[in-house]
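Remarks on the structure that follows.
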Amino acid sequence: MKLLWTASLSLAVAFGSVACTTVGPDYRPAEPAAPSTWAAPLPHGGKTSEMTHWWNQFNDPTVGRLVAMAEEDSPSLAKAWASIEKARATLQSTHSGGFPSVTASASASRERTADLTQTARNAGFDASWEIDLFGKLRRNEEAAAARVEARTGDWYDARVSLAAEVADTYVQWKACGLLVEAYELELESNAQTETATQAAVRAGLTASADGALARASLASARNTLLDQRAQCDLLVKALVYLTGTDERPLRTLLSSAPHGLPEPQQVAINAVPAEVIRQRPDLGSLERELAAASAEIGAAQAAQYPSLSLSGSVGVSATTGSPSSVWSFGPSISLPIFDGGERQAAVSSAEAAYRSAYAAYRQGVRQIIRDVEEAMVHLDSAVHRPQQAAIAESQYRVYFLATQSNWRAGNVSLLTLEEARRSALSAQIQRITLQRDRVQYWIALYKAVGGGWEPGQVATAPASTPSP
């Protein structure tokens with residue numbers, strides 16, 4: 001027995017001498033393969049601004065209030081936060097695997113035979129400790145830590161996306177209201193035209209066909225206005241969904257918003273692409289998943305090597321009048337000899353998972369470059385177009401008013417008047433639409449460059465997170 005103990009201890013010491021060995025690849029942060037410069041034109045007239053809470057930089061405080069309401073009660077943020085907590089629990093569980101495990105047990109029983117009653121009591125402790133010879137536990141802990149950071153990136157990505165969606169929906173609602181105002185004015189103008197036309201028809205001064213055209217134009221204007229109001233109501237419903245608040249207080253908040261579209265503070269995108277895309281939390285998440293996949297290769301490779309554990313137990317038992325104790329301690333070594341290729345398959349699977357994570361990372365880099373480039377192209381196109389649209393609106397309105405005066409004087413037909421009216425309305429709608437698009441493109445650019453996220457920021461639990 002003594003010889004077996006000595007041999008086991010000697011073997012444990014021999015394996016323990018390589019305990020600092022960690023097999024598998026040492027991860028090096030991936031560098032995004034990004035172009036050296038932007039291909040799309042940079043936004044004109046921009047200036048560097050604080051991006052962390054970009055929605056508070058609009059000239060409309062309602063935007064910031066709506067975003068804050070959405071963040072307070074967002075299922076998407078709550079789900080992302082739960083994923084962070086789960087990843088942290090996994091990390092804690094993995095970390096605890098490197099420490100000894102101790103369990104205690106106790107029992108008592110009473111037995112009666114024909115002429116004797118006996119009481120038996122047992123108590124003991126069992127301990128075990130796996131020595132991390134080849135770094136399997138360390139690699140698993142590396143992977144778990146990387147996934148905590150990845151889930152944190154997902155949380156920030158959800159936050160950036162939520163803020164962008166709320167701001168974008170609010171901008172659409174504001175533009176919708178401006179279009180309603182435009183259609184209301186056109187309806188009033190159509191009604192005046194229809195009244196004058198019907199009076200002329202009854203007096204025999206114009207053909208009955210003009211009366212039909214005037215009635216048709218009035219009905220069409222009413223129908224357009226009703227449809228536009230419905231679109232505004234749908235956008236309010238969307239804000240109710242995003243913010244999680246009741247519709248009545250939300251409408252009260254919206255009614256107090258400033259008139260007109262919000263004006264975002266411009267941001268200069270003058271850094272090289274590689275620097276900009278590092279500010280995207282979704283790419284940070286993909287990079288951390290890549291790090292986790294790399295660590296799991298090492299864990300799978302370490303599983304192919306021998307494992308060493310130390311175990312021991314101490315027990316005390318007592319039967320009526322007969323106490324006794326027992327203890328044991330010694331190393332246990334597991335030598336993988338034949339497993340039908342299971343461990344090698346695990347290594348191959350981990351390597352394939354790494355290649356998949358790397359492909360996802362490269363695809364993420366390309367998508368980010370595309371998002372930023374497209375946002376800048378749209379924004380560059382929208383910078384000057386509203387100015388020209390405003391000129392077109394003004395001149396078409398002048399033409400319509402002149403045509404209306406000529407129609408009242410009997411110099412032009414009702415058809416000519418309606419064509420002038422449609423041209424003026426179309427120009428007004430185009431101007432409002434372009435102004436809306438310009439703000440939306442700025443929001444898209446804010447989101448494309450990460451919304452102010454920086455690596456290492458600490459996520460916080462949503463205020464509405466319930467306790468189990």
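The values are calculated or read from the model by the stated rules, or taken from the named source; none is laboratory data. No experiment lies behind these values; they were computed from the predicted model shown. Heads up, the Cβs are rebuilt from the backbone with ideal geometry, glycines too, and the neighbour counts pull from every protein chain shown. Accessible surface areas use protein heavy atoms only, side chains included; no ligands, DNA or RNA. Shrake-Rupley method; radii C 1.70, N 1.55, O 1.52, S 1.80 Å.
Enumerate the pairs (first residue in region 303-322 and of a type in the set (Ser, Thr, Tyr); second residue anywhere and at pLDDT 75 or above) with beta-carbon separation below 6 Å, excluding pairs fewer than 6 apart on the same chain, so at least 6 apart or on different chains.
305/134
If I filter region 52-67 down to residues being out of contact with any helix residue (DSSP H, G or I) (no Cβ under 7 Å at 6 or more places or on another chain) and open to solvent by 10 Å² or more (accessible area, probe 1.4 Å), which single residue comes out as modelled with the highest pLDDT?
The selected residue is 61.
Which of the residues spanning region 181-220 are under 47 Å from the mean Cα position of the chain (by Cα) and open to solvent by 50 Å² or more (accessible area, probe 1.4 Å)?
181, 184, 185, 188, 219, 220
Are any residues in region 349-405 among the hydroxyl-bearing types (Ser, Thr, Tyr), within 30 Å of residue 433 (Cβ to Cβ) and open to solvent by 30 Å² or more (accessible area, probe 1.4 Å), and if so, which ones? Lay out the reasoning, then the answer.
Filtering region 349-405 for residues among the hydroxyl-bearing types (Ser, Thr, Tyr) gives 349, 354, 356, 358, 361, 381, 394, 396, 399, 403, 405.
Then keep just the ones that are within 30 Å of residue 433 (Cβ to Cβ); that gives 381, 394, 396, 399, 403, 405.
Across region 349-405, the qualifying residues are 381, 394, 396, 399, 405.
Output yes when any residue across region 386-402 is more than 32 Å from the chain's Cα centre (by Cα), part of a helix (DSSP H, G or I) and among the β-branched types (Val, Ile, Thr), and no when none is.
yes
Where the second residue is at pLDDT 75 or above and in a loop (DSSP other than H, G, I, E, B) and the first is under 24 Å from residue 298 (Cα atoms) and aliphatic (A, V, I, L, M) and lies in region 22-45, which pairs have Cβ atoms under 9 Å and are six or more apart or on separate chains?
23/134; 23/135; 23/304; 23/305
Residues in region 432-449: is at least one modelled with pLDDT of 85 or more and open to solvent by 70 Å² or more (accessible area, probe 1.4 Å)?
Yes, region 432-449 contains at least one residue that is modelled with pLDDT of 85 or more and open to solvent by 70 Å² or more (accessible area, probe 1.4 Å).
Hey, can you tell me all the residues within region 244-261 that are of a type in the set (Gly, Ala, Ser) and assigned to a helix (DSSP H, G or I)?
Of everything in region 244-261, just one residue is of a type in the set (Gly, Ala, Ser) and assigned to a helix (DSSP H, G or I), namely 255.
Is one or more of the residues making up region 197-205 of a type in the set (Lys, Arg) and in contact with a helix residue (DSSP H, G or I) (Cβ under 7 Å, 6 or more places away or on another chain)?
no
Please determine whether any residue of region 423-436 is farther than 22 Å from residue 216 by Cα and among the hydroxyl-bearing types (Ser, Thr, Tyr).
So far as region 423-436 goes, yes, one or more of its residues are farther than 22 Å from residue 216 by Cα and among the hydroxyl-bearing types (Ser, Thr, Tyr).
Residues to consider are 403, 319; find the one that is β-branched (Val, Ile, Thr) and modelled with pLDDT under 85.
Residue meeting the stated conditions: 319.
Got at least one residue in region 410-424 being surrounded by 14 or more Cβ atoms within 10 Å (Cβ to Cβ), basic (Lys, Arg), under 30 Å from residue 53 (Cα atoms) and in contact (Cβ under 8 Å) with a residue 40 or more places away in the chain?
no
Among 109, 8, which is over 30 Å from residue 293 (Cα atoms), at pLDDT below 85, in a helix (DSSP H, G or I) and among the small types (Gly, Ala, Ser)? It would help to see each step written out before you state the result.
On the way: 109 fails: in a helix (DSSP H, G or I).
Unique residue meeting the criteria: 8.
Taking region 221-267, which residues are among the charged types (D, E, K, R) and either buried (at least 16 other Cβ atoms within 10 Å of the Cβ) or closer than 30 Å to residue 193 by Cα (or both)?
At the first step, the residues of region 221-267 found to be among the charged types (D, E, K, R) are 222, 227, 229, 233, 237, 246-248, 251, 263.
Within region 221-267, 222, 227, 229, 233 qualify.
Scan region 140-180 for residues that are open to solvent by 10 Å² or more (accessible area, probe 1.4 Å) and over 22 Å from the mean Cα position of the chain (by Cα) and report the count.
Number of matching residues: 9.
All but one of (1) basic (Lys, Arg); (2) surrounded by 21 or more Cβ atoms within 10 Å (Cβ to Cβ); (3) at pLDDT below 90 hold for residue 121; which doesn't?
Here residue 121 clears every test but (2).
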